[in-house]
1. Taking region 77-119 on its own, how many of its residues are touching a Leu at 6+ places or on another chain (Cβ under 7 Å), assigned to a loop (DSSP other than H, G, I, E, B) and farther than 22 Å from Gly139 by Cβ?
2. Filter region 1-36 down to the residues that are at pLDDT below 95, among the hydroxyl-bearing types (Ser, Thr, Tyr) and not in a helix (DSSP H, G or I) and list them by number.
3. Here is a check on your reading of the model: is Phe59 touching a Gly at 6+ places or on another chain (Cβ under 9 Å) and part of a strand (DSSP E or B)?
4. Quick one: what pairs do we get from region 96-115, first residue within 19 Å of Asn80 (Cβ to Cβ), second part of a loop (DSSP other than H, G, I, E, B) and of a type in the set (A, V, I, L, M), C-beta under 6 Å, 6+ apart or different chains?
5. Would you tally the residues in region 24-75 being of a type in the set (S, T, N, Q), surrounded by 18 or more Cβ atoms within 10 Å (Cβ to Cβ) and within 21 Å of Pro149 (Cα to Cα)?
6. Tally up the residues in region 120-138 that are more than 17 Å from Asp34 (Cα to Cα), out of contact with any Pro (no Cβ under 7 Å at 6 or more places or on another chain) and in a loop (DSSP other than H, G, I, E, B), please.
7. Which one of Ser42, Ser71, Ser23 is touching a residue at least 12 places away in the same chain (Cβ under 8 Å), on the phi < 0 side of the Ramachandran plot, hydroxyl-bearing (Ser, Thr, Tyr) and out of contact with any strand residue (DSSP E or B) (no Cβ under 6 Å at 6 or more places or on another chain)?
8. Out of Ser69, Ser23, which single residue is under 13 Å from Ala169 (Cβ atoms) and of a type outside the set (D, E, K, R)?
Amino acid sequence: MANTASRNQMGRTVEVPISLFESMRGRYFIGYADGLSLNAGSSAWARLYNPRLSGVNLFVDTWSVTDLSVSPFRAQFWFNADPPGNATESDLVTPSNLAFRPTPVPHAELQKASAVYGEPDGGVLAFARWGIPCTTLVGEEGGKLIIPPGSSFMIYVSLTNFSSPEGSARISFNWWEEVT
C-alpha cells in the first residue's frame, strides 16, 4: 500500500516551449514579405523594425529565406542598418493565436523593398548564409535576437551568379513582443 501512495504523490512537470507560451499570451506573431524581386544587379530585403516609441522588445524566434530563382543566393543579416531603396510595409502579418478577441496587433513593422541598388549603410552585419537555387534557409533563434525600440533586424538577399536572370525571394519572421 505504501508503494501505491508514493506513486500517487509524485508531482508532474510540464515543459511548454517559449513560442507556445507567448502564443497563449497573444504576443506571438508570424509575418512574411512575398514577391521580392531581384536580379544580378539588384537586391531585396525585409526587416523587422521596432518603432522607437513601441514600448516593447521584439524577440526573434525564427526566420526563413526562400529563393525562387535559378541562381545561388546570399542572405546577409543586419542589425540597425539603413537599407537602400524605399520601404513598404508588408500586410502579411498575423498573430499565431486567433482565439483572442480583439485580435492582437503587433507593435513591430515588417518592412520590405525589391530591386534595390546599393548596400545597407551603418549597423552591424551579424552573419551571412549562402543558399542554392530554389531552397529555403531557416534559422531557429529561440528569442535570443532581441530588438529594442528604435532598432531593426534585416535580411538582405542578393543573387551570387551575375549571369542569371531575375529571381524572387520570400522572407519570413516569427517573433514575440514583451513590454519593456
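1. First, pick out the residues of region 77-119 that are touching a Leu at 6+ places or on another chain (Cβ under 7 Å): 78, 89-90, 93, 108, 110, 112, 114-115.
Checking which are assigned to a loop (DSSP other than H, G, I, E, B) leaves us with 90, 108.
From what is left, the residues that are farther than 22 Å from Gly139 by Cβ are none.
Final tally of qualifying residues: 0.
2. Hit for region 1-36 is Thr13, nothing else.
3. On the way: touching a Gly at 6+ places or on another chain (Cβ under 9 Å): yes; part of a strand (DSSP E or B): yes.
Yes: the conditions hold for Phe59.
4. Short answer, once both residue conditions are applied: Gln111/Ala87; Ala113/Ala87.
5. Residues that pass the stated criteria total 3.
6. 2
7. Details: Ser42 fails: out of contact with any strand residue (DSSP E or B) (no Cβ under 6 Å at 6 or more places or on another chain); Ser71 fails: out of contact with any strand residue (DSSP E or B) (no Cβ under 6 Å at 6 or more places or on another chain).
Unique residue meeting the criteria: Ser23.
8. Ser69
The values are calculated or read from the model by the stated rules, or taken from the named source; none is laboratory data. Remember, it's a predicted structure, so these values are computed and weren't measured experimentally. Neighbour counts run over all protein chains shown; Cβ positions are idealised from the backbone, glycine included.
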